[in-house]
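**Q** There's a structure below that I have some questions on.
The values are calculated or read from the model by the stated rules, or taken from the named source; none is laboratory data. From a predicted model like this one, the values you see are computed outputs, not experimental measurements. Glycine gets a Cβ as well: all are built from the backbone with ideal geometry, and neighbour counts include every protein chain shown.
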Amino acid sequence: MSAPPVQRRLAAIMSADIAEFSRSMNADESGTLSAVNRIRTEIFAPSVAAHKGRVVKLMGDGALVEFSSVVDAVACAIEIQTAMAARDQDPDSPPLLRLRIGVNLGDIIIEGRDIFGEGVNIAARLQEIAAPGGIALSASTREHLGNRIEARFSDGGDQKLKNIPTPVRVIQWYPEIGSSEQKRTTPARLQRPEKPSIAVLPFDNMSGDTDQDYFADGVVEAITATLSRIRSFFVIARNSSFAYKGRHMNVKDIGRELGVKYVLEGSVQRSGKRVRITVQLIETDGGAHLWADKYDGSLDDIFDLQDKITEKVAGALQPSIQLAEIERTRRKQPQDLGAYDYTMRAMPDAWMLEEKAAANALELLEKALEIDPDYPMALALAAWCWAQHSVYNWVADIEKAKTEALSRAERAAQMSSDDPLILSVLGTVHTFARNYGAARVLLERAIQLDPNSAWALSRLGWLETYADQPENAMQHFERAIRLSPLDPMNFNNLVGMGSAHQVAGDDNRAAELFTRALEERPNAHWVHRNLCAALLGAGREKEARVSAQKLMQAHPDMTIERFKEAMVFSPKVLDRVGKQMAALGVPEG
């Protein structure tokens, strides 16, 4: 008698588990079990039922759920994590539990009420790498989802998942970049500065070609950079404004979240050599449109069009402003639009602080420099990418990476000596070279030129940390976060704040901040260099060894010697952290 045919079907699978369940059970068994039951009955089960999911199985700390629709699966996952994030902390209870969720669309095998197959396996592995409170999707799942859910995702790149033969491109969702509905669950209101305050929101690309998104982004980047350098304005940094890309929110909510009185919206339409830019300035308190305008021209006029828009915005915010002040803020433009195109395409990857992204950015920037070898922006961004390779232990020859970074940064400064971003990059590279005096002059000059430069303030915070001035460092990091409250790079400010506490000898607080940073950016494996040492210093040896193991998995050639070569803390801090890493089994050299 032949075996019955294998039943298969395509399904969306959600795998969920509770982060650090064993640790919570060891700390408070009855309290943890009670909390798990409340999560299941009050959050998990109602959401699964509302989105037509079928619970395949429940484990002690997790669940496997099948959906016939990928939209239902992802919407359910976001709803669950949003509800989890909105819970109030009971001061008498143990720390709140958090879920990790993986979602995958794939082929499954049905046996009774159970399901098996690669679709299930990938969902489970995605759940394992998801950040606590976050969601990890396969790229194919994201593609099938399309634009049917209002939510923002970030690209985690290709990742090798346990027992999955080929790398899987992972797409991530975190509460910080979630839906507008979730944003409203945390209605923190930032205090407005006394200066006219504005956020330049991402412009819509009306060209009908998504490959042209970078062009619209470049227009916003140029306007933001010029407005930021006007000292009488408070301008939200580009990275926070871009958190709203692809979302259409009430300007009142944006004004509240960013703490600004005005927003500039717009669209860009590029067709051949022609371009049309439409803009409108809106007051966030009442949503009143202060003015709107339309600018037509050719690609050869693009920089003139950007300058005209900037002048109009500046004049509306502060009529008394002098055109000479705007003239002072203008950056040196490329000689060829091809160099501009490649540089704008590289911009997002240059700020990701991830190895593959930095390598991709460098490839694009080198193409820009082949066209225009003296384009300052391309030189500066390339310098920053090389600096990342040196400080995050991404290359074997750290000194060569530092040399490459310094060479490009100095050339950029020669071409444009009063551009705050270029000065910030050069100051950062000098920091990594331990030229603290030159670095401080450059970074402070950058902030004088652009008081709204969140990144320059962040780098000054890092400089103070390396110089054993943790209290000064904290002030700079906090100011940087206020200027860019939704910045995806704020995880690096958390690392900086953790490092400041580590320098001050507060390993417990340092470990908390490093952990928060990794929750926001799980692929930033280099953070484990500091985290494992801080955990050991805080008396949390078991967690420290797990962190050290993750470090060595991501960086198999890591040694204490290579860590000290890459990092630029003071000798006493490097010695203390190095001894802690050695105690956890990291080789000496």
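**Q** All but one of (1) at pLDDT 90 or above; (2) closer than 25 Å to Glu143 by Cα hold for Gly106; which doesn't?
**A** Status for Gly106: all satisfied but (1).
**Q** Separate question: Starting from residues that are out of contact with any Lys or Arg (no Cβ under 6 Å at 6 or more places or on another chain) and modelled with pLDDT of 85 or more, keep the ones in the stretch 131-143 and report whichever is nearest to Leu97 (Cα to Cα). Explain how you work it out, then say what you get.
**A** Of the residues in the stretch 131-143, the ones out of contact with any Lys or Arg (no Cβ under 6 Å at 6 or more places or on another chain) are 131, 134-138, 140-143.
Among the residues that remain, those that are also modelled with pLDDT of 85 or more are: 134-138, 140-142.
Working: Gly134: 13, Ile135: 15, Ala136: 18, Leu137: 21, Ser138: 25, Ser140: 29, Thr141: 27, Arg142: 27 Å.
Top of the filtered list is Gly134.
**Q** Taking the stated definitions as given, is Lys195 modelled with pLDDT under 85 and surrounded by fewer than 21 Cβ atoms within 10 Å (Cβ to Cβ)? Steps first, answer last, please.
**A** Details: modelled with pLDDT under 85: yes; surrounded by fewer than 21 Cβ atoms within 10 Å (Cβ to Cβ): yes.
It is true that Lys195 is modelled with pLDDT under 85 and surrounded by fewer than 21 Cβ atoms within 10 Å (Cβ to Cβ).
For (1) closer than 26 Å to Asn490 by Cβ; (2) β-branched (Val, Ile, Thr); (3) part of a helix (DSSP H, G or I); (4) modelled with pLDDT of 95 or more, each residue gets a yes or a no:
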{"site": "Thr515", "(1), (2), (3), (4)": "yes, yes, yes, no"}
{"site": "Arg529", "(1), (2), (3), (4)": "yes, no, yes, yes"}
{"site": "Ala548", "(1), (2), (3), (4)": "yes, no, yes, yes"}
{"site": "Phe569", "(1), (2), (3), (4)": "yes, no, no, yes"}
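**Q** Quick one: what pairs do we get from the stretch 415-430, first residue of a type in the set (Gly, Ala, Ser), second surrounded by 24 or more Cβ atoms within 10 Å (Cβ to Cβ) and outside any helix (DSSP H, G or I), C-beta under 8 Å, 6+ apart or different chains?
**A** These pairs meet every condition: Ser424/Ser453.
**Q** Sort through Glu512, Glu541, Glu520 and tell me the only one that's on the phi < 0 side of the Ramachandran plot, free of Cβ contacts under 8 Å to residues at least 24 places away in the same chain and touching a Leu at 6+ places or on another chain (Cβ under 8 Å).
**A** Working: Glu512 fails: touching a Leu at 6+ places or on another chain (Cβ under 8 Å); Glu520 fails: free of Cβ contacts under 8 Å to residues at least 24 places away in the same chain.
Only one candidate qualifies: Glu541.
**Q** I'd like the full set of residues that are of a type outside the set (A, V, I, L, M) and closer than 26 Å to Asp336 by Cα, limited to the stretch 243-276.
**A** If we filter the stretch 243-276 for residues that are of a type outside the set (A, V, I, L, M), which is where we start, we get 244-248, 250, 252-253, 255-257, 259, 261-262, 265-267, 269-274, 276.
Residues satisfying the conditions are Gly266, Ser267, Gln269, Arg270, Ser271, Gly272, Lys273, Arg274, Arg276.
**Q** Give the stretch 390-413 a look and list any residue that's among the charged types (D, E, K, R) and assigned to a loop (DSSP other than H, G, I, E, B), or say none. Please lay out each step first, then the result.
**A** At the first step, the residues of the stretch 390-413 found to be among the charged types (D, E, K, R) are 397, 399-400, 402, 404, 408, 410-411.
Of everything in the stretch 390-413, just one residue is among the charged types (D, E, K, R) and assigned to a loop (DSSP other than H, G, I, E, B), namely Asp397.
**Q** To continue, here is another question. Checking the conditions here, which among Ala387, Ala357, Ala378 is in a helix (DSSP H, G or I), of a type in the set (Gly, Ala, Ser) and in contact with a strand residue (DSSP E or B) (Cβ under 8 Å, 6 or more places away or on another chain)?
**A** Working: Ala387 fails: in contact with a strand residue (DSSP E or B) (Cβ under 8 Å, 6 or more places away or on another chain); Ala378 fails: in contact with a strand residue (DSSP E or B) (Cβ under 8 Å, 6 or more places away or on another chain).
That would be Ala357, the only listed residue that is in a helix (DSSP H, G or I), of a type in the set (Gly, Ala, Ser) and in contact with a strand residue (DSSP E or B) (Cβ under 8 Å, 6 or more places away or on another chain).
**Q** So in the stretch 127-146, with the set limited to residues that are without any contact (Cβ under 8 Å) to a residue 60 or more places away in the chain and over 19 Å from Met84 (Cα atoms), which one is surrounded by the fewest Cβ atoms within 10 Å (Cβ to Cβ)?
**A** Taking the candidates together, the pick is Gly146.
**Q** Moving on. Give the residues of the stretch 43-65 that are without any contact (Cβ under 8 Å) to a residue 12 or more places away in the chain and out of contact with any helix residue (DSSP H, G or I) (no Cβ under 8 Å at 6 or more places or on another chain), sorted by residue number. Talk me through it step by step, then tell me what you get.
**A** Going through the stretch 43-65, the residues without any contact (Cβ under 8 Å) to a residue 12 or more places away in the chain turn out to be 45-46, 49, 55.
Of everything in the stretch 43-65, those that are without any contact (Cβ under 8 Å) to a residue 12 or more places away in the chain and out of contact with any helix residue (DSSP H, G or I) (no Cβ under 8 Å at 6 or more places or on another chain) turn out to be Ala45, Pro46, Ala49.
**Q** A further question follows. From the list Ala548, Ala544, Ala538, Ala566, which residue is aliphatic (A, V, I, L, M), under 28 Å from the mean Cα position of the chain (by Cα) and closer than 27 Å to Thr428 by Cα? Give the derivation first.
**A** Working: Ala548 fails: closer than 27 Å to Thr428 by Cα; Ala544 fails: closer than 27 Å to Thr428 by Cα; Ala538 fails: closer than 27 Å to Thr428 by Cα.
Of the residues listed, the single one that is aliphatic (A, V, I, L, M), under 28 Å from the mean Cα position of the chain (by Cα) and closer than 27 Å to Thr428 by Cα is Ala566.
**Q** Next question. Restricting attention to the stretch 198-219, which residues are outside any strand (DSSP E or B), at pLDDT 85 or above, in contact with a strand residue (DSSP E or B) (Cβ under 7 Å, 6 or more places away or on another chain) and buried (at least 19 other Cβ atoms within 10 Å of the Cβ)? Steps first, answer last, please.
**A** From the stretch 198-219, those outside any strand (DSSP E or B) are 201-203, 206-219; that's our starting set.
From what's left, at pLDDT 85 or above: 201-203, 206, 217.
Pick out the ones that are also in contact with a strand residue (DSSP E or B) (Cβ under 7 Å, 6 or more places away or on another chain) and you get 201, 203, 206.
Listed by number, the residues that qualify are Leu201, Phe203.
**Q** Output the number of residues of the stretch 259-307 satisfying the condition of being under 28 Å from Ile481 (Cβ atoms), assigned to a strand (DSSP E or B) and basic (Lys, Arg).
**A** Residues flagged as under 28 Å from Ile481 (Cβ atoms), assigned to a strand (DSSP E or B) and basic (Lys, Arg) within the stretch 259-307 amount to 0.
**Q** Right, another one. For the stretch 31-42, enumerate the residues that are in contact (Cβ under 8 Å) with a residue 60 or more places away in the chain and under 18 Å from Cys76 (Cβ atoms).
**A** Quick first cut of the stretch 31-42, residues in contact (Cβ under 8 Å) with a residue 60 or more places away in the chain only: 31-32, 35-36, 39.
Answer for the stretch 31-42, where residues must be in contact (Cβ under 8 Å) with a residue 60 or more places away in the chain and under 18 Å from Cys76 (Cβ atoms): just Ile39.
**Q** Return the residues of the stretch 422-477 that are buried (at least 20 other Cβ atoms within 10 Å of the Cβ), among the charged types (D, E, K, R) and in a helix (DSSP H, G or I); say none if nothing qualifies.
**A** Arg459, Glu464
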